[in-house]
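A short write-up of the structure that comes next.
Just so it is clear, none of the values below were taken in a lab; they were calculated from the coordinates. Computed from a predicted structure; not experimentally measured. Ideal geometry is used to build each Cβ from the backbone, glycine not excepted, and the neighbour counts take in all protein chains shown.
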Amino acid sequence: MEKLAYVVAFLLLASLFQPFMSQSDDGCPGVKKETWPELLGVPAKLARETIEKEEATLTNVQTVLNGRFVTQDFRCDRVRLWVNVLDFVVQTPRVG
């Protein structure tokens, strides 16, 4: 039971630091569009082509299977396409 208390305390403390690790309000310099809600439900290949066409500064468009672990760092040159097993986008693509 004592270990559970330590885990809960750690998670509560870690959640306090989350706002410090998030993106600033200024956004990414040179990036005009940061989200693509219209790409939700489209094939990943089409979504990748659309993003690369609309934003040339985004050089790192990654396809990630939904539910996989990824790093939590924020990068202005990256967009992750969260896809299902059929390779359709299941989350709104966004810079980060």
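Each residue of region 55-61 was assigned a 3J(HN,Hα) from its phi angle through the Karplus curve 6.51 cos²θ - 1.76 cosθ + 1.60 (θ = phi - 60°); the sequence is 10, 5, 6, 8, 8, 10, 9 Hz, with glycine and proline shown as x.
Of the peptides 62-70, 83-91, 39-47, the ranking by mean beta-carbon count within 10 Å, highest at the top, reads 39-47, 83-91, 62-70.
For the pair residue 56 and residue 72, label points projected 7 Å from Cα toward Cβ lie 3.6 nm apart. Please report the net charge: other residues with Cβ closer than 13 Å to the Cβ of residue 48, K and R +1, D and E -1. Net charge around residue 48: -1.
Distances between placed amide hydrogens fall under 5 Å for residue 61 paired with 79, all partners being 5 or more residues away or on another chain.
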